[in-house]
Structure formats: C-alpha cells, structure tokens
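Undergrad: First the structure, which I've put down as structure tokens, then a few questions once you've had a look.
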Amino acid sequence: MAFKKTNWLFFVMLFCASAFPLTADADSSVSLVEWTFPNNPDDATADGGTPENISKNLTLTGASTPTYNNTGASTFAARATGWQNGQFQKYWQLSVDTRGYKNILLSSKQRSSTTGPRDFVVEYRTSPEQAWQTISGGIITLADNFTAGTLDAIPLPSECTNQENLEFRFVMSTNVSVSGGSVTSTGSSRIDDLFIFGQLIEEPSDDSSESNSCLGTSTTIIFNEIFPYAPDASQEFVELKNTGDVCVDISSWRIEDHNHHAFIIPGGTTILSTQLMTFFRNFYMNNTSSETLYLFDADNTLIDSVSYERAIKDFSYSYDGDLFRFSSLISPGSTNLFDESQASEDTEDSPSTSTQIRINELLPNPKGSEVAGEFIELFNFSDTAINLKNWSLEDSSRKKFTFTQDVLILSNDYLVLPRTLFGFSLNNFGSETISLFEPLGTIISAVTYTNTREGFSYSFKKDSWFYTKHLTPGETNTFSKNPKIHVTSKKSGYQKIPLTFNATLKNTSQKGVRYRWDFGDGHTSTLATPTHTYQETGRFTVQLKIQTKDGEATKAFKVTIKKYPKRDLSISSLLPNPKGEDTETEWFTIENTSQKKINLRDWRIATGKDKESLVNHVISKDLFVEAGQTIRITREHAAFSLHNTASTVVLRAPDNTTVSEITYQEESIEEDTVCKNKDGKCIFEKTSSPTEEDASHSETKEIILPKNTPEPFFSLEEVPSKEPDELSSPSVSTPTKEEVIEDIGQNLNTLLNLYIQDWIQP
C-alpha cells in the first residue's frame, strides 16, 4: 500500500510515532560532572562527578542572576530571566576536566517560558585561545517543557578527549521566543540534568613496552576525513587518526594546502592510540578544482598527504581503510560512514545516495505551525514495491523514528511522512542531517541542509538538492527557473590593494536578493558589490551564493593576486612656501624614469613633520605620466599640505609601499624657493617664478626672403608667451592696427621696386 499526501490522517492513525535517542553506555561510561540541583542548594556547584570536577560551577553570562529553586525536569533547575536581545551574547557556561577519559558524551535538558528564548546552540573549546566550535547535534529548539530541548548523550569530537579544561556553553542563537515573538525581559529559561560522561583511557601495564610519554612513531598518524566544501568556511575540518598503539605528540605539526596556507597544531597536543582528532577551521581547501593537503611534523618531515580532483558540496572525503571516498555522511570525531551508493568525483553536485529509496523532499520551515507543516518525503525508484517495516529515520541529534509495522511503498511512488508521525523536529537553524536506515542498520539515503527558508522545501533534482517555493508532497518535484549569475569582476588584482566584486543576475527578481561572498581567504561579505583587500598573494577561489524568491544559485571563480609591480618614479622637486596662499599654490614634481606610461590613480602622497606622523593623501582620479616625463602635482590632484619647516614627503604605491622619499630640516623656508631632490634630501634654490623651470621655449620661425632683400620694418620672430608683467618694456609703444597696415604697404612697395630693378638690369 502506498501512502500519499491524502493518506496522512490514516497513516497517523495507523501508526504511533516514537523516537529512540542514544544513551550513554552505563557499563563503560563514567559521570565526570553533573548538575541536577537535587536539594535546592541555591548555588551552581556540581552535585556529582569525579574529584577533579566536583567543585565546578555552572555560570551565566549576560542574563540575570540565576536561581535554583524552580521546578526542573525531576527535582529543581537553574532559572534566569533577562534574555532580551541576547543573540550570541547570553549563555550558560561550564567546564570539565576530561584528563584520562575518552569518548566524551553530553546530556542536558532545557526549557523556556513562552516569552523566553527558543533557540540555543551548544559550543565547545579546549582552551581559552581556541575559537568556540558548534558540536554536532547541538542545535536546540526549546518549548515550554523539558522534552523538546533535550540532548541525550551527544558524542563530542575526539579533541575533547584528555583535556584539562574543556569548556561548553549553551548560547542563545536568536531573539525569537518560544511563542514566536521577541524575547522579553521577563521571559525565563531553565537548564537541568547536565551530565558529562567519559570512558576511562586504559593505561598500559607495567610489563608492557608501551609508555605514556607519547613517543610513538609519527608514521602512524594519517589523514582520516576532510570536509572541503562546507556550507560555511568555518565548518571545514581536517581529521587525523593515530593508527598505532602508542600515543604520539603532534605539537607544532602543520597542515598545509597546495597554496602553502598552513595551520600549526598548538603545543601540548597529543593523539592517543586509535584516537581521532578533528580540527575545525577554514583550511582554504579548493571547492572547484584539485587540492592536496600535506601533514608535516615539527621537523618539517612529510608524514601524510591526501588529494582530490574536485570537492562535492556537503560531502566529506573519508578514508575507508583502503582508499578515500566521498560520503554525504559527515562524521567528525567518530568512525567514517559511507552511503550505499558513493559519490563520484566526476559529478558536480551531491549525487543520489540510494539504489532503491531516497529521501526526496523535506519541509523544515513551513509557514504557520511547525508541528503541523513539517514533512519528509521518500521516493521508491526501484522496479519493485518495498516493505519499510523496521526501517528507520534519524536526525543529527540521533532522535529516531522506526516503522514498526508493514508499510509498502510501490515502485516509482512516494511516501509522505508528517512530523506528527516521525516525532522529531527538523531544525531551522544551523546544520541538520536526516538519514534513512534499512533494518540491518545500513544507511540507504541521507541529506544535509543548512539555513532554511520559510515556506521553501528542500528538494532533490538530478543528483543535487535545491530550495524551491513549489511544495510537492506526494508528487514530482518542481522548480522555478534557477537564477543565473554573471560575474563582471576582475579576475586578478594586487596584494593589499582593494578589489571590487560585482555580479549581475538573470532569471530572477532583483529585489530581496541575499548575497554571500566567500573570498577564499577566510573573509566573507553579504554586500551586493563588496570591496575586498587580499593581504597575501596567491590564487583564491571566490564563491558567490545568492538567494532570491525564485531560488538560489552559486557561482565560483578564481582570482589571482600578485605583488604590486615595481615602478620607477621619484619626487624630483617641490615648492613648499610659494607666494600667497600656500594651500592653493604648493606643488611638487614626479619624474617617471621607467620605459612605461604610469597611471598615478590610487597612489598616495604622505606628508608630515616626521616619518611617525605621516598622513596619506590619495590621488583619486586618473593621472598619467608618460615614460621619461616629469609632471607637477598640485592640490587639484590630492589634498596634501607641505610644511614650511622640517618635513618629510613620501610617494607611495597603491599597496602603500614607499617608492620615493624626500626630507628637509629647515627651520624656516624663504618664499618661492624650490627644493631639488639630491639623494633624498632637499637642496633649496631661489627661483624668480615657480613656473620658470617648466616653461616651454618656442622655436624661432624664419621667413626666407629674395636676394638683396632689405631688413623688414618689423620682426617676424614669434614672441614667447609670457605673463603680462614679463612683456617688453612699457616705454615701447604697441603699434595700432592702422599703423601696422601702413607699414606692411610700404614694405611691399619697397619689395616690388627691388624686383623691377633686378628684372630691367642688363
């Protein structure tokens, strides 16, 4: 029997939903620290745990002072108000000593009032110097009960093993209340039954050749799993594994990519026998082309390497004991998991992960009621009907639903499961993974999503997943015409010089577009047209992801960043104290001694009393200097000011490197004295005119006259262009128009008579 959208009610009536979270193994795990608030002690001290942790305190940052006499999950609970406007600023915090213990587990229960905070995320760090990291399955949605906000023995990353000061915090991640409004000052939140479990690390016996001094051979350390194409660069990780039977000290080892971006492993880091250690950070791993990661020890010896041709979005690259394969089942800190049908490196996007049944559509963030609207859709694309009895669905927090009775899904048919059936919630924030297991525990299909959109389903299409506004439970998935991105930005630039990025969109509305640029160096932007400055040279992968009302699209391209080329320019002279107003008539000259034309746009003029007080003044418009040319720079080009006493003037390239420099130490500079640059120092010379050195001299043009021609009555030599006060003496009168015409007539008569005389002579 196949169940479609119209069969929901019957399906719900037929079966009873149940979730089966994982719990700590009581036979092997020890309670390292616990807060249960059993007897209303009215303090935050742990009431159970190992001797190292029994005095640990639960603290609160940002909200009001907590009380401990409130109704809890069983006895009492810690309670606090004052959570308003506390997004990523207000949190519960605790620490635990896990030295000597591995396989660390976390359990907790939370509850908020209807006006208290709804959304929390659990983060950890192993030292105050480390950035906070989100634990897998640590996204919590609270309700006005202690059921919805439960974490039940969540496994923690392997780097939580054997730590002196392992810290956790429960951070309020949004300002949304349980009722869906804003958190108020009187809205409360409670936390209870906090447990940290761990398994004792077995020490070698006295007669064993092993030691605890971590002197194992470095060759036992290998790459085990990498996550190169994460939804966010900060979610990338590299996981190492110790395949040997002795502890290894990996202090000061480094992980390096092919572009020589390196991560140095902190001192004091050891990795125990068979232990996994995961490092979460942006490793600059390529998403669209080949990449190689290298592992070097402290002596710069290559220990291991791993390569891939092209990353697959939301897939990790994991070692199966023989070779590396892509898997949608991302498993930092635990045994690598693989889909039945593995991703191929020849596919651009996430491939189908099932040979029989796949998860086909999810609605994690419906409009209206979450409980009533969320659904998971399965699709049977095999040639036969399949009975789902004893199959199960599981989310990233290990909450599980199992089909306890016969349920047939016909060939090429759909099965729609409402939340009222499977029971657990589909997260709206952070990352969520939904997995489908067959009865023997093999994963048949899995899908991971992040950053949901209200009213949009997450749907499968041709080996990839897309958000779509077309909800199609029980029917073929449909999509709007996907937006297209055309990047018009430059594909190259210079180190430490801003580079502007721009994109045009097609097939979509230009309103309400959400942009997310990833510049490939750990920096991002949400602006439509951002400007970014690369601090290092290299080849970077820039990725733009857009979200519109019609759908989403991603565009990636390479940007090459080089050092700014050397330019042969120098400050050749300057006039700091001209007659009149200095700021209007000051100038200096720049000489281009190279063989190329240079544009001075974005170059800087730095001036100041000394080198410590220099201030940059940018030339903001195009200003070209031809090869071998000297040009004058005035305040029309940049808003500089030259001091009339001791000063330094520096010419800087756009990357702020110094190209030319000149200094002068005079206590007072006489007006209209020009400084000539002699090996970086000023030599002042008096000049009659600040423009004299740049004046162009006109050539004398000659008139060829006949033989024996007398001198003309006036000179035909061109008069050089001068200022009015530089013209000839005032005692010489300027002829009138009539006088000039009369002189020309007399001169022509004389010339004519001479020609006639020469002609009539024998």
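The values are calculated or read from the model by the stated rules, or taken from the named source; none is laboratory data. These figures come from a predicted structure and were not determined experimentally. Glycine gets a Cβ as well: all are built from the backbone with ideal geometry, and neighbour counts include every protein chain shown.
Undergrad: Identify, please: which residue in the stretch 412-435 is part of a strand (DSSP E or B) and β-branched (Val, Ile, Thr) and is, among those, farthest from Phe375 (Cα to Cα)? Spell out the reasoning first.
TA: If we filter the stretch 412-435 for residues that are part of a strand (DSSP E or B), which is where we start, we get 413-418, 431-435.
Filter again for β-branched (Val, Ile, Thr), leaving 416, 433-434.
Details: Val416: 7, Thr433: 14, Ile434: 12 Å.
That would be Thr433.
Undergrad: Taking the stretch 615-665 as the region of interest, how many residues are crowded, with 19+ Cβ neighbours inside 10 Å, in contact with a strand residue (DSSP E or B) (Cβ under 6 Å, 6 or more places away or on another chain) and either in a loop (DSSP other than H, G, I, E, B) or outside the structural domain of Leu575 (by TED's automatic domain parsing) (or both)?
TA: The total comes to 3.
Undergrad: Report, by residue number, each residue of the stretch 308-325 that is assigned to a strand (DSSP E or B) and either of a type in the set (Val, Ile, Thr) or at pLDDT 85 or above (or both).
TA: Of the residues in the stretch 308-325, the ones assigned to a strand (DSSP E or B) are 308, 316-319, 324-325.
Within the stretch 308-325, Ser316, Tyr317, Ser318, Tyr319, Phe324, Arg325 meet the criteria.
Undergrad: Could you tell me how many of the residues in the stretch 115-132 are within 21 Å of the chain's Cα centre (by Cα), closer than 19 Å to Ser431 by Cα and in a loop (DSSP other than H, G, I, E, B)?
TA: 2
Undergrad: Any chance the stretch 681-689 includes a residue that's modelled with pLDDT of 85 or more and among the β-branched types (Val, Ile, Thr)?
TA: For the stretch 681-689, residues modelled with pLDDT of 85 or more and among the β-branched types (Val, Ile, Thr): present.
Undergrad: From the list Ile561, Ile605, which residue is under 30 Å from His637 (Cα atoms) and in contact with a Gly (Cβ under 8 Å, 6 or more places away or on another chain)?
TA: Values: Ile605 fails: in contact with a Gly (Cβ under 8 Å, 6 or more places away or on another chain).
The conditions single out Ile561.
Undergrad: State which residue pairs qualify: first residue under 9 Å from Ser411 (Cα atoms) and inside the stretch 376-396, second residue of a type in the set (Phe, Trp, Tyr) in any location, beta carbons under 9 Å apart, and separation of 6 or more residues or different chains.
TA: Qualifying pairs under 9 Å: Phe379/Tyr414; Phe379/Phe460; Asn380/Tyr414.
Undergrad: Further question on the same structure: State all residues of the stretch 543-572 that are more than 18 Å from the chain's Cα centre (by Cα) and either of a type in the set (Lys, Arg) or under 21 Å from His486 (Cα atoms) (or both); if no residue qualifies, say none.
TA: Thr548, Lys549, Asp550, Gly551, Glu552, Lys562, Lys563, Lys566, Arg567
Undergrad: Which of the residues belonging to the stretch 296-305 are out of contact with any Leu (no Cβ under 7 Å at 6 or more places or on another chain) and surrounded by 17 or more Cβ atoms within 10 Å (Cβ to Cβ)? Give the derivation first.
TA: Filtering the stretch 296-305 down to residues out of contact with any Leu (no Cβ under 7 Å at 6 or more places or on another chain) leaves 297-302.
Of everything in the stretch 296-305, just one residue is out of contact with any Leu (no Cβ under 7 Å at 6 or more places or on another chain) and surrounded by 17 or more Cβ atoms within 10 Å (Cβ to Cβ), namely Asp297.
Undergrad: When you go through (1) closer than 25 Å to Ala446 by Cα; (2) out of contact with any Cys (no Cβ under 9 Å at 6 or more places or on another chain) one by one for Ala262, which number turns out not to apply?
TA: For Ala262, the failing item is (1).
Undergrad: Any idea which of Val615, Val542 is within 16 Å of Ser641 (Cα to Cα) and not acidic (Asp, Glu)?
TA: Details: Val542 fails: within 16 Å of Ser641 (Cα to Cα).
Sole residue among the options that is within 16 Å of Ser641 (Cα to Cα) and not acidic (Asp, Glu): Val615.
Undergrad: Okay, next question. Give me the pairs, please: first residue somewhere in the stretch 520-546 and farther than 17 Å from Thr488 by Cβ and modelled with pLDDT of 90 or more, second residue anywhere and loosely packed, with under 15 Cβ neighbours inside 10 Å and acidic (Asp, Glu), beta-carbon distance under 9 Å, and either six or more positions apart or on two chains.
TA: Note: pairs meeting the criteria are Asp521/Glu536; Thr524/Asp232.
Undergrad: Scan Ser594, Ser570 and give me the residue that is part of a loop (DSSP other than H, G, I, E, B), under 30 Å from Gly538 (Cα atoms), at pLDDT 85 or above and of a type in the set (Ser, Thr, Tyr).
TA: Values: Ser570 fails: part of a loop (DSSP other than H, G, I, E, B).
Exactly one of Ser594, Ser570 is part of a loop (DSSP other than H, G, I, E, B), under 30 Å from Gly538 (Cα atoms), at pLDDT 85 or above and of a type in the set (Ser, Thr, Tyr), namely Ser594.
Undergrad: Contact list please: Cβ distance under 8 Å, first residue in the stretch 649-661 and modelled with pLDDT of 90 or more, second residue in a strand (DSSP E or B) and acidic (Asp, Glu), pairs at least six apart or on different chains.
TA: The qualifying pairs are Val649/Glu661; Val650/Glu661; Leu651/Glu661.
Undergrad: If the requirement is being more than 28 Å from Val407 (Cβ to Cβ), of a type in the set (Gly, Ala, Ser), touching a strand residue (DSSP E or B) at 6+ places or on another chain (Cβ under 8 Å) and not assigned by TED's automatic domain parsing to the domain that holds Thr134, which of these qualifies: Gly423, Gly430, Gly474, Gly455? Spell out how you get there, then give the answer.
TA: Details: Gly423 fails: more than 28 Å from Val407 (Cβ to Cβ); Gly474 fails: more than 28 Å from Val407 (Cβ to Cβ); Gly455 fails: touching a strand residue (DSSP E or B) at 6+ places or on another chain (Cβ under 8 Å).
Only one candidate qualifies: Gly430.
Undergrad: Keeping to the stretch 212-257, report how many residues are under 30 Å from Gly430 (Cα atoms) and touching an Asp or Glu at 6+ places or on another chain (Cβ under 9 Å).
TA: Residues in the stretch 212-257 being under 30 Å from Gly430 (Cα atoms) and touching an Asp or Glu at 6+ places or on another chain (Cβ under 9 Å): 19 in total.
Undergrad: Sticking with this one: Need the failing condition index for Tyr308 against (1) more than 26 Å from Cys160 (Cα to Cα); (2) touching a residue at least 60 places away in the same chain (Cβ under 8 Å); (3) surrounded by fewer than 19 Cβ atoms within 10 Å (Cβ to Cβ); (4) not acidic (Asp, Glu), just the number.
TA: (3)
Undergrad: Sticking with this structure for a sec: So, in the stretch 65-114, how many residues would count as being outside any strand (DSSP E or B) and at negative phi? Spell out how you get there, then give the answer.
TA: Within the stretch 65-114, the first condition is being outside any strand (DSSP E or B), and the residues that meet it are 65-66, 72-75, 81-90, 97-100, 113-114.
Checking which are at negative phi leaves us with 65-66, 72-75, 81, 83-84, 86-87, 89-90, 97-99, 113-114.
Summing the residues that are outside any strand (DSSP E or B) and at negative phi in the stretch 65-114 gives 18.
Undergrad: Of all residues in the stretch 296-307, count the ones that are touching a strand residue (DSSP E or B) at 6+ places or on another chain (Cβ under 7 Å) and assigned to a loop (DSSP other than H, G, I, E, B). Can you show your working first?
TA: Residues of the stretch 296-307 touching a strand residue (DSSP E or B) at 6+ places or on another chain (Cβ under 7 Å): 296-297, 302-307.
Keeping just the survivors that are assigned to a loop (DSSP other than H, G, I, E, B) gives 297.
Here the count works out to 1.
Undergrad: State the number of residues belonging to the stretch 262-288 that are within 21 Å of Val559 (Cβ to Cβ) and touching a residue at least 40 places away in the same chain (Cβ under 8 Å).
TA: First, the residues of the stretch 262-288 that are within 21 Å of Val559 (Cβ to Cβ): 262, 282-288.
Imposing the further condition that a residue be touching a residue at least 40 places away in the same chain (Cβ under 8 Å) reduces the set to 282-288.
Matching residues across the stretch 262-288 total 7.
Undergrad: Can you list the strands (runs of 3 or more DSSP E) found entirely within the stretch 213-277 that contain at least 2 residues being modelled with pLDDT of 85 or more, among the small types (Gly, Ala, Ser) and surrounded by 17 or more Cβ atoms within 10 Å (Cβ to Cβ)?
TA: Working: elements: 221-227, 237-242, 254-256, 262-264.
Passing ranges: none, list empty.
Undergrad: Between a first residue in the stretch 182-202 that is more than 24 Å from Ser107 (Cβ to Cβ) and free of Cβ contacts under 8 Å to residues at least 40 places away in the same chain and a second residue that is buried (at least 20 other Cβ atoms within 10 Å of the Cβ) and among the β-branched types (Val, Ile, Thr), which pairs have beta carbons less than 8 Å apart while being 6 or more apart in sequence or on different chains?
TA: Partner pairs satisfying both residue conditions: none exist.
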